[in-house]
Amino acid sequence: MGHSMKRKEDARFVHGKGKYTDDVQLPGMLYMDIVRSPYAYAKIKSIDASEALAIPGVLAVVTGKDLEQYNLHWMPTLMSDTQMVLPTDTVMYQAQEVAAIIATEKYIARDAREKVRVDYEVMKAVVDPYKALDEDAPVLRTDKEGKTDNHIWHWEVGQKEETEKIFNEAEVVVKEQMHIPRIHVASIETCGCVADYNKVENHLTMYMTTQAPHAIRTVIALVAGHVGITEEKVRVISPDIGGGFGGKVPVYPGYVIAIAASFLIGKPVKWIEDRSENLQADSFARDYHITAEMAGTKDGKILATRMKVLADHGYTDAAANPSKFPTGMFSIGTGSYDYPNAFMEADAVYTNKPPGGVAYRCSFRVTEAVHAIERITDRFALEIEKDPAQLRFDNFIKKDQFPYPSPTGWEYDSGDYEAGLKLAMKAVEYDKLREEQAEKRKKGELMGIGLSTFTEIVGAGPSKDFDILGIKMFDSAEIRVHPTGKAIARFGTKSQGQGHETTYAQIIAEELGIPAMDIQVEEGDTDTAPYGLGTYASRSTPTAGAAAAVAARKLRDKARKIAAYLLEVSEDDLEWEPGKFFVKGAPEKSKTIQEIVFASYTNHPQGMEAGFEATHYYDPPNLTFPSGAYICVVDIDKETFEIKVRRFVAIDDAGHIINPMVAQGQVHGGLTQGLAPAMYEELIYDDDGNILNGTFMDYLVPTAVESPNWETGHTVTPSPHHPIGAKGIGESPTVGAPPAIANAIVDALKPYGVTHMDIPITPYKIFKKLKDMGVLDKDIAEG
Amino acid sequence: MEATITKNFTLEEPIDKVWASLSNPMEISSCVPGATITEKIDDNNYKGEVTLKFGPVKAKYDGVITIDEMDDASHKMTLKGKGLDSKGKGNAEMTMNGLAKEEEGNTNVDFQMVVNIQGTLAQFGSRLINDVSAKLMDQFVDNFNALLKGDEFNNDLKAGSMVGTAVKGIFKKKEA
Amino acid sequence: MKINGEEFTAEVEPRTLLVHFIRENLHMTGTHIGCDSSSCGACTILIDGKSAKSCTILAVQANGKEITTVEGLATAEGMHPLQEGFKENHGLHCGFCTPGMMLRAVELLEKNPNPTEEEIRWGISGNLCRCTGYNNIVKAIQYAGAKMRGEETPSTEPQFVE
């Protein structure tokens, strides 16, 4: 623990020996390609596949009508809504799957895609989520009996009346309308699968890009059980994954069609989507329209907050949230500040856009919540002309207030927000920066400093509240130590680059004293790994990491018994140091863990179970609450409004850190994924529902040039309830960075009177904003 | 995605000659870049193909052109075109209003064209449609001039140059 | 063509992309596909020593050329300094962009053996990485550069703000 061990998995990756889904080649394998809708909303009048089927090598063209015969044309979403596998009559978004071609070769399948004639009757798409609620808006989900509007659900939490009263009486009230853009995880590996159905054995092996293989196996059994594919006949293998970030949690129609095709034809079927399909049809993230308000005193005490959300879910609610949380963990939006009253509400609507709402490197809508609270906090500071750092210090939940009950019902486990912000301010030399800024403002130069001091909520989650499709959100570890003292450990999670093969081995090494190099970690094969809910929402360390520690402790208890037997002393006379038990007061009388393990197979005490294995399913007693203090410094060119991130310091508190190098790597990556929506990325749709940037040519993933040199550090406030005091780190930076950047840019534009800008903030948006405000030519030099 | 393109040009030819060609669907279509009339259904309806290219995406529309108005006295015309991409990428609709006027022995022609493209092409086309369409219109005028003069011309789609011009157009705007 | 020092002769359809030929005909799957618009660089290989995106090159265009893929980076003596640099500096997470990133860096260091941080950042700007935030990729290339120049390699320990 706490050691920057080099990653065990890297050897295969740097040699090009990683094994990803598209690398799977099976004898007789067929290829699937998908015909997609060119329209956002249209009736399918007919599908004519005759020309496509005439191409040599094309074996089948699967349509919704074909699947309907097996009742496979619709499937459930994780949020108890329904989603089309293939449409029988209406397409609901551009790039939606319409038909699938199965062919002997990839190129032939692609050729055939252009020969499937689909006759559409185009309808006027509903694109704007606010207009979707208009009384005269067409009802999109006509498949739902009795549905008379496009409203999906309403959700609320907090103290409505008290909050309203405070707002009515408060000295200061600030309010901003914010949009958290529709973005895409854009992992460099797209999604895909190889479905291999063996007719003779009625067995399906599914190689696929999934972050949650066990849950997927259950879903497959639920969807296809009625045609004989029951859970014991399904093996899901999630090989190496080229980045997941939440985008590989959902069940996409392509997977189901591939299974259906393999089932019907009896041969393996490979489906790998291309980049434009990935961006245009796979689950989006975010797309929350938030009205955020804060009430406080003139001298800077926060009294209450109010947030109202309109969530654009696309044509179905296929968000990846725990069942009881339609807005995920959005209610963390009271942030790191101590005030007793808050009220939040949200409404979700259907539009003619792709479904989704995945937790993109974020614990279920935390990013949206953090953006709202951190932005409105800065807005409040601006209103009362108080330094935003001081305002935060004045309102932080203090270290000794933990466990802290939040007004929206959470119990924050631990934190030291002051320490984090102090360290970040020291690192950037905050006071000096403010002096420099004052000088620059005299000259009319644009420099901004932005803060974000956020609290995350991760590690879903305790079984009393958290489930997905009814399955509780525990996670698992199984450790088997071989007679020679080497081990294999298997988990219900699935790394997509997080380095589990190294960090889990380190946890077990710490608890059991077996060198991490001697512990092989395996995940992703449902035939061998214990059941778990998978890797997303920063839950692996808080759940499976904890399971590893507890399972290792079970083994250590067994080791103690065996050591006592071998050393012929009482268990109470033994003391543990990593790697061995020794007799108190006689350290030369000891047994190493390897000797003990060997004995468990060769010379175990009578009456004791032989072998050295343990499994644990960990049900966390609470969530963990990592926090961070981020400071961003930007310079903006006054002529071109080009934004340059000069410095970015990120101080995270994720409790005890298992591997500082891996944790830091997670922070670096997360920060660039926070920079992306803050300044570059957004999926843009026109009024007809056409996506305008559905390729990597115009969906701007930051390169090494846009990405600054990140400066990172940490404070350590262990989680009191986690077996090793860890909290989870993978997502904090993606959550915390956007408001720090937005706050810095808005701060830079203060001389113009700008109070808010929606992300992504681009030079053009600044130009337009200033032009619309009529201040483009304002002389801002104070000197 | 809808775009409106207007074009006003003067031809050094008498109006009767210009109108004769302009009102003849076979002749006028031969001047439209990338367009071919493949079949006459009746006097007012024709079947044809139009190829368009926006950056990386090429679409070939199979469609029907309908003459809504053709007034030989006032030299006014309205054409409607409706097409479907032959590879399933979407559809396009076009309404063109034309008016020819005599101007000191020459002929002034005023065109207004409203194009509505739906489907995949609209993803790529929205930023290019105005520039590409303007270029197409220029090419059409050149071709039409050549036709009247009896010069040889061809109405192949000058794809490369169109995209080039469109890109230049974008940069020109930035400079301005 | 010669791939990683070995001669290959094959008949292919004229439209076969080089990346598909390498992955599917030759079963070398270390070269990855991340987009279809030569934007991401996951498919970067070396053709006659120059980095190229194999998703936008036809297999027939590589006729008679010498190609290096990630599988050809290591030698009998061990890992290439870039492989070592990426491994030692946590220059990769999921590993999907890594082969392309390393091959791009081979040419970068060949042309500019001692690049500045900015030169490295511009040099790899045609290759996207979604996981690492690039800090450690820069560090990995600096490490490899030092090693190839025969200089002492910089520390591989992570640096933290304190």
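Being in a strand (DSSP E or B) and within 13 Å of chain A (Cβ to nearest Cβ) is the filter; apply it to region C:57-83 and report the residue that is nearest to C:THR98 (Cα to Cα).
C:THR68
Whether any residue in region C:94-116 is free of Cβ contacts under 8 Å to residues at least 24 places away in the same chain, surrounded by fewer than 24 Cβ atoms within 10 Å (Cβ to Cβ), acidic (Asp, Glu) and away from chain A (no Cβ under 12 Å) is what I want to check.
For region C:94-116, residues free of Cβ contacts under 8 Å to residues at least 24 places away in the same chain, surrounded by fewer than 24 Cβ atoms within 10 Å (Cβ to Cβ), acidic (Asp, Glu) and away from chain A (no Cβ under 12 Å): absent.
Residues in region A:1-32 that are in a loop (DSSP other than H, G, I, E, B), more than 8 Å from chain C (Cβ to nearest Cβ) and more than 27 Å from the chain's Cα centre (by Cα): how many?
4
So A:ARG110 fits all but one of (1) within 14 Å of chain B (Cβ to nearest Cβ); (2) touching an Asp or Glu at 6+ places or on another chain (Cβ under 6 Å); (3) crowded, with 19+ Cβ neighbours inside 10 Å; what number is the exception?
(3)
Scanning for something closer than 24 Å to B:GLY90 by Cβ and not in a helix (DSSP H, G or I), does region A:104-113 turn up at least one residue?
For region A:104-113, residues closer than 24 Å to B:GLY90 by Cβ and not in a helix (DSSP H, G or I): absent.
Have a look at A:GLU609, A:GLU613 and point out the one that is free of Cβ contacts under 8 Å to residues at least 24 places away in the same chain and either out of contact with any Phe, Trp or Tyr (no Cβ under 8 Å at 6 or more places or on another chain) or among the β-branched types (Val, Ile, Thr) (or both).
Result: A:GLU609 is the single residue among A:GLU609, A:GLU613 that is free of Cβ contacts under 8 Å to residues at least 24 places away in the same chain and either out of contact with any Phe, Trp or Tyr (no Cβ under 8 Å at 6 or more places or on another chain) or among the β-branched types (Val, Ile, Thr) (or both).
Here is a yes/no grid of residues against (1) in contact (Cβ under 8 Å) with a residue 40 or more places away in the chain; (2) touching a helix residue (DSSP H, G or I) at 6+ places or on another chain (Cβ under 8 Å):
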site	(1), (2)
B:ALA3	yes, yes
B:PHE9	yes, yes
B:ILE15	yes, no
B:TRP19	yes, no
B:SER29	no, no
B:PRO33	yes, yes
B:ASN45	no, no
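Could you count how many residues in region A:409-439 are within 14 Å of chain C (Cβ to nearest Cβ) and assigned to a helix (DSSP H, G or I)?
Step one: filter region A:409-439 for residues within 14 Å of chain C (Cβ to nearest Cβ), giving A:419-430.
Still in the running and assigned to a helix (DSSP H, G or I): A:419-428, A:430.
Number satisfying all stated conditions: 11.
State which residue is surrounded by the fewest Cβ atoms within 10 Å (Cβ to Cβ) when the search covers only region B:64-99 and only residues that are within 22 Å of A:ARG113 (Cβ to Cβ) and not basic (Lys, Arg).
B:SER86
So is A:GLU731 among the charged types (D, E, K, R), surrounded by fewer than 22 Cβ atoms within 10 Å (Cβ to Cβ) and closer than 30 Å to A:GLN664 by Cβ or not?
no
Give the residues of region A:696-730 that are closer than 19 Å to A:ALA537 by Cβ, assigned to a loop (DSSP other than H, G, I, E, B) and either touching a strand residue (DSSP E or B) at 6+ places or on another chain (Cβ under 7 Å) or without any contact (Cβ under 8 Å) to a residue 24 or more places away in the chain (or both), sorted by residue number.
Within region A:696-730, A:SER719, A:HIS722, A:LYS727, A:GLY728, A:ILE729 qualify.
Looking only at strands (runs of 3 or more DSSP E) that fall completely inside region A:187-288, which ones have 1 or more residues that are out of contact with any helix residue (DSSP H, G or I) (no Cβ under 7 Å at 6 or more places or on another chain), buried (at least 21 other Cβ atoms within 10 Å of the Cβ) and within 14 Å of chain C (Cβ to nearest Cβ)?
Passing ranges, in order: A:269-272.
Here are C:PHE86, C:PHE21: which of them is facing chain A (nearest Cβ under 8 Å), among the aromatic types (Phe, Trp, Tyr) and in contact with a helix residue (DSSP H, G or I) (Cβ under 8 Å, 6 or more places away or on another chain)?
Answer to the check: C:PHE86.
Condition first: within 31 Å of the chain's Cα centre (by Cα), surrounded by 21 or more Cβ atoms within 10 Å (Cβ to Cβ) and within 14 Å of chain B (Cβ to nearest Cβ). Now tell me which residues in region A:113-145 satisfy that.
A:ALA125
Of all residues in region C:35-55, how many are within 13 Å of chain A (Cβ to nearest Cβ) and β-branched (Val, Ile, Thr)?
Qualifying residue count for the region: 2.
So which residues in region C:121-162 are more than 9 Å from C:GLY85 (Cβ to Cβ), more than 7 Å from chain A (Cβ to nearest Cβ) and among the charged types (D, E, K, R), if there are any at all?
Selection gives C:ARG149, C:GLU151, C:GLU152.
Mind telling me which of the residues A:ALA537, A:ALA505 ends up being at pLDDT 95 or above, small (Gly, Ala, Ser) and buried (at least 20 other Cβ atoms within 10 Å of the Cβ)?
None of the other options fit; the residue is A:ALA505.
Name the residues in region A:620-669 that are among the β-branched types (Val, Ile, Thr), out of contact with any Gly (no Cβ under 9 Å at 6 or more places or on another chain) and within 14 Å of chain C (Cβ to nearest Cβ), would you?
A:VAL645
Got at least one residue in region A:658-665 being part of a loop (DSSP other than H, G, I, E, B), farther than 30 Å from A:GLY357 by Cβ and hydrophobic (A, V, I, L, M, F, W, C)?
Yes; the residues of region A:658-665 include at least one that is part of a loop (DSSP other than H, G, I, E, B), farther than 30 Å from A:GLY357 by Cβ and hydrophobic (A, V, I, L, M, F, W, C).
Go through region A:513-525 and report how many residues are surrounded by fewer than 24 Cβ atoms within 10 Å (Cβ to Cβ) and in a loop (DSSP other than H, G, I, E, B).
The total comes to 2.
Helices (runs of 4 or more DSSP H) wholly in region B:86-176 with at least 2 residues that are at pLDDT 85 or above and of a type in the set (Asp, Glu) - which ones? Full working, then the answer.
Details: elements: B:120-125, B:129-149, B:159-175.
Correct list: B:129-149.
Consider region A:576-610. How many of its residues are surrounded by 15 or more Cβ atoms within 10 Å (Cβ to Cβ) and not aromatic (Phe, Trp, Tyr)?
Looking only at that region, the number is 14.
The values are calculated or read from the model by the stated rules, or taken from the named source; none is laboratory data. Source: prediction; values computed, not measured. Here the Cβ is made from the backbone with ideal geometry for all residues, glycine too, and neighbour counts use every protein chain on show.
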